[in-house]
Amino acid sequence: MELFKKVSRFRFMHYARFISGLSIVLTAISIGSLAVRGLNFGIDFTGGLLLEVGFERPADLSALRQQLGDGGYPDAQVQNFGTAKDVLIRLPPQEGDADPSAGGKLGQQVLAVLQAADPQVVLRRVEFVGPQVGEDLTTQGILSVLAALVLILIYVMFRFQWKFALGAVASTAHDAIVTAGIFSIFWIPFDLTVVAAILALVGYSLNDTVVVFDRIRDNFRSTRRGTPEEVIDRSINETLSRTLITSGVTLLVVVALLIFGGETLHGFSTALAFGITFGTYSSIYVATALAYFLKVSPADLMPVKKQEQVDDLP
Amino acid sequence: MNQNPWWKSALVAAVLLGAFLVALPNVFGEAPAVQISPQSGARLDQGGMEEVKRSLETAGVAFGSAYDDNGRLMLRFDSVEEQLRAADRIRESLGQSYVVALTLAPRTPGWLTALGLRPMSLGLDLRGGVHFLFQVDMQAALQQRVDRYATDFAKLLRDNRIRRDVRVDGNVVRIEIPDPKDADRAEKLIRDSDPQIGLERRNEDGAVILLARMTEQQIRERQDFAIEQNTVTLRNRVNELGVSEPVVQRQGLDRIVVQLPGVQDPAQAERVLGATATLEFRLVCADANPVEAKRKGRAPIGCELHQDRQGNPVLLQRRTIVTGDQLIDAAQAFDQGMPAVSVRLDSQGGREMLDVTKKNLNKPMAVLFVETKRERVERDGQVIEVPREEREVINVATIRGIFSNNFQITGLDVTEARDLALLLRAGALAAPVYKVEERTIGPSLGQDNIDKGMQALVLGLVLVVLFMGVYYKAFGLVANVALIANVVLLVALLSMLQASLTLPGIAGVVLTVGMAVDANVLINERIREELRNGNSPQASIHAGYDKAIATIADSNLTTLIAGIVLFAFGTGPIKGFAIVLCLGILTSMFTAVVVSRTLVNAIWGGRRLTRLPV
């Protein structure tokens, strides 16, 4: 079987300006939403108390809210988690949470309120996170993405050239920002596993970009004919089958995880699914387009030769 | 063309075989088990294990296979009923000096265990348990030290008859010397008592003010000490819980992670972790006969009956010389070549000790370990918590000389000295700790996570294998072998390193599969391209691999950088993900490049081919 019998001949760079414009708009919307709406941060970031409880039969959420309100927890957020029988309860951080025993006691108290109404309640998970930990994680997450980008920039600069390095970092940042933007726009809970997913997608997107760059470098070196636009187009077309197959197959696994992996991996697989889609698109368009706009030329990629002395005397 | 020397193929085969063997323990799952360890948190040696086993056999307790798990005796059972029944009997027959815990043990066959092979260790999110993150109050740790400096300096100057006014002002000890003539002498005394301390001198209204503050290095040392000490203390307390594979680790500058797999009641765990232990130094009632007293059940006037660690009776005077809160530090040491424990007391404790040792030369003195536990008891139909004190004489030694705040306890062997120093230090926390994070994962959720994660993983793998086989035909099958070899290698590495596999770790495996597929796709697409360009099959294989390898190396190395950064900055689940990702990149590079090439060479190498099944 072979889906791509012939090497396609799309004129990618011809549309680069238009599509880059779209990318810029998409990034701007994401940044806007992140700035205005922010993210639906999970307990890892906000601190507070989280209880996952299982019921014998489908739980009545409004009755639960009522019970918790009567029990002295009017701020509790109650939602289904995966199935109708599993319920997630979140309490915002309270004053004095840094107190050594607050979290454990609070969890037991909330559970007691629930058990008073239905003794069959099973506690599946309790998490208590103090506000201090939340702050640390946020700074840590941002720091690690930045550190990764800087190191990658340096690596690609050494292996390729600064125009490519900028393209790679821009496309990677684009993917991370747009994926985070989607979490912001659709208000999907953003927890530690999503951070892991975004960092993983930084790796994946880069992987994709480097494969395309690799071919551009190859073609620049091996052929003398053709404008940079033609060489870039040819390189993308030649790697297109690989790019699409790899993304398709990886998406296959991620979608399996999304559907069957359970609620705890939901955020992770959602982020990866979007991330891989954007990563594929951005390695074709954002990374190469930026290098193209920066006027990458065969001379940039030639192995360094000693400058020949030109005798321009008559 | 495309032929490997035989040894190269043999080497690849050997690596794969080895990996298969190391990964093998993971297929057997877990069996209900009972874990037995000594109460004090010590390890059981070979002799101790045999003894416990013998005593169980004589008591008629039937157990399945038994083996040593890091100084603990593990007994495996076929069913939960058997496990519970046996645990009750074991508790009965072994008594108070052992911790008997219910746990799960890998069902690994004996010959694999004998080879030192173990399955991957699973993170809390996969098997259930409690996770605590404690924050050490460093400010309090420093304040304690500064306060102690103030008391020491005040005493020093008083002993040297220098008029002074010593106050603590935040992190600074402010010493006012009203008479400037004393200033030089005071400064020298303080400097001599602690040459490292930062000392600043000021004149104010005719008086001299000395400002003593800890140097950066002293602060760092003090903080290091506080966190190390707290880690030791918490670890000792965790051992009391009898949890198998507990984790007590320092994290960062001022935090301690405690993970208790299998524990479901965080309240109980917290009770034990928050227990208090202390020490008392007392004189022995040397004139009375302890065995006699025990038999009568009555101690002479002024004396109290206690037990030592072996259960022998000891008579101690009621009066306590020094209590544990006066103890500053204890360390294992050597005194004239003999093992010893060197102990430091604060100034008040030192004075008491001086007084007592002066009067009681050559008489025995004992160290009594007092621990307060909170216990749940049923009283009048209600469950309440009551404190219960446990006392034990841990050491009796003869007073050989007069000493005050610095002395040594001798007459111990090396292990005893180490244990005693540990116990002395482990008694109390060096600085208060606050719980900043607590996570409890129920066992049903843990099992759920494993099942779903594995299901998704297997399904994803099957889909990938099907696609590759259909799309790349025989070369797809080679890629599939490489893909499966990759998963086996990854599992083998994770089992070998005993890095915990967490939920994000499973996600890391998924991503690794993606990377491995990518490498194989790159190779096969390249081979197809070479064929399209009109190259011969053998040349196409050769060129396809060569060109793809450069690309694979570049793309994987960039991902590896991202993985390493994750590992360096991340904590907990992110770190788990990063480990799997980094290892996965390495194994997928190896399998895609080396394993699949070896296979391709073995099948098609050195033959005359007209077309390739790709």
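The values are calculated or read from the model by the stated rules, or taken from the named source; none is laboratory data. Remember, predicted model here, so these are calculated numbers, not experimental data. Using ideal geometry, Cβ is built from the backbone for each residue, glycine included, and neighbour counts are taken over all protein chains shown. Note: areas computed on protein heavy atoms with side chains; ligands, DNA, RNA excluded. Shrake-Rupley method; radii C 1.70, N 1.55, O 1.52, S 1.80 Å.
Taking the listed residues B:E352, B:E304, the one that is closer than 17 Å to B:N395 by Cβ and open to solvent by less than 70 Å² (accessible area, probe 1.4 Å) is B:E304, with no other qualifying.
The number of residues in region A:128-146 that are closer than 20 Å to A:I89 by Cβ and either β-branched (V, I, T) or surrounded by fewer than 22 Cβ atoms within 10 Å (Cβ to Cβ) (or both) comes to 4. Within region B:216-224, does at least one residue satisfy the condition of being at pLDDT 85 or above and not in a helix (DSSP H, G or I)? Scanning region B:216-224 turns up no residue that is at pLDDT 85 or above and not in a helix (DSSP H, G or I). Of the residues in region A:225-237, at least one is within 29 Å of B:L461 (Cα to Cα) and in contact (Cβ under 8 Å) with a residue 12 or more places away in the chain.
A quick yes/no check of all residues on (1) open to solvent by less than 20 Å² (accessible area, probe 1.4 Å); (2) at pLDDT below 90:
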residue	(1), (2)
B:A507	yes, yes
B:L511	yes, yes
B:G514	yes, yes
B:V521	yes, no
B:N524	yes, no
B:S536	no, no
B:D546	no, no
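Name the one entry in B:R148, B:R158, B:R191, B:R174 that is farther than 30 Å from B:R72 by Cα and not in a helix (DSSP H, G or I). That would be B:R174, the only listed residue that is farther than 30 Å from B:R72 by Cα and not in a helix (DSSP H, G or I). Within region A:108-135, the set of residues being at pLDDT below 80 and under 25 Å from A:V194 (Cα atoms) comprises A:G130, A:P131, A:Q132, A:V133, A:G134, A:E135. Counting only strands (runs of 3 or more DSSP E) wholly contained in region B:1-88, the ones carrying 1 or more residues that are more than 17 Å from B:A105 (Cα to Cα) occupy B:30-38. Restricting attention to region B:37-71, which residues are among the charged types (D, E, K, R) and modelled with pLDDT of 75 or more? Correct list: B:D45, B:E50, B:E51, B:K53, B:R54, B:E57, B:D68, B:D69. Name every residue in region A:219-275 that is within 11 Å of another protein chain (Cβ to nearest Cβ) and β-branched (V, I, T), in order of residue number. The answer is A:T239, A:T243, A:I245, A:T246, A:V249, A:T250, A:V253, A:V254, A:V255, A:I259, A:T264. Within region A:219-233, being out of contact with any Leu (no Cβ under 9 Å at 6 or more places or on another chain) and surrounded by 14 or more Cβ atoms within 10 Å (Cβ to Cβ) holds for A:N219, A:G226, A:P228, A:E229, A:E230, A:V231, A:I232, A:D233.
Taking residues in region B:461-476 that are within 8 Å of chain A (Cβ to nearest Cβ) and over 20 Å from B:V509 (Cα atoms), and partners anywhere that are assigned to a helix (DSSP H, G or I) and open to solvent by 60 Å² or more (accessible area, probe 1.4 Å), not one pair has Cβ atoms closer than 8 Å while being at least 6 places apart or on different chains. Filtering region B:161-171 to residues that are among the aliphatic types (A, V, I, L, M) and in a strand (DSSP E or B) leaves B:V166, B:V168. Checked against (1) within 14 Å of chain A (Cβ to nearest Cβ); (2) closer than 29 Å to A:F164 by Cα; (3) touching a residue at least 12 places away in the same chain (Cβ under 8 Å); (4) not hydroxyl-bearing (S, T, Y), B:L531 passes all but a single condition, namely (2). Just one of the listed residues (A:F160, A:F183) is crowded, with 22+ Cβ neighbours inside 10 Å, touching a Lys or Arg at 6+ places or on another chain (Cβ under 9 Å) and either closer than 25 Å to B:L522 by Cβ or touching a residue at least 24 places away in the same chain (Cβ under 8 Å) (or both), and it is A:F160. Considering the conditions (1) in a helix (DSSP H, G or I); (2) open to solvent by 20 Å² or more (accessible area, probe 1.4 Å); (3) away from chain B (no Cβ under 12 Å), A:V178 is excluded by exactly one of them, (2).
Looking only at residues of region B:570-591 that are more than 17 Å from B:A492 (Cβ to Cβ) and either more than 11 Å from chain A (Cβ to nearest Cβ) or buried (at least 21 other Cβ atoms within 10 Å of the Cβ) (or both), we find that the one that is nearest to the chain's Cα centre (by Cα) is B:G572. Taking the listed residues A:A165, A:A197, the one that is closer than 30 Å to A:V87 by Cβ and either acidic (D, E) or in a helix (DSSP H, G or I) (or both) is A:A197, with no other qualifying. Among the residues making up region B:430-448, those that are under 21 Å from A:K85 (Cα atoms) and more than 7 Å from every other protein chain (Cβ to nearest Cβ) are B:P443, B:G446, B:Q447. Can you confirm whether A:V113 is aliphatic (A, V, I, L, M), under 26 Å from A:A271 (Cα atoms) and either without any contact (Cβ under 8 Å) to a residue 60 or more places away in the chain or within 10 Å of chain B (Cβ to nearest Cβ) (or both)? No; evaluated as a whole, the condition is false for this residue. The residue list A:V194, A:V210, A:V249 contains one member that is closer than 25 Å to B:I450 by Cβ and touching a residue at least 12 places away in the same chain (Cβ under 8 Å), which is A:V194.
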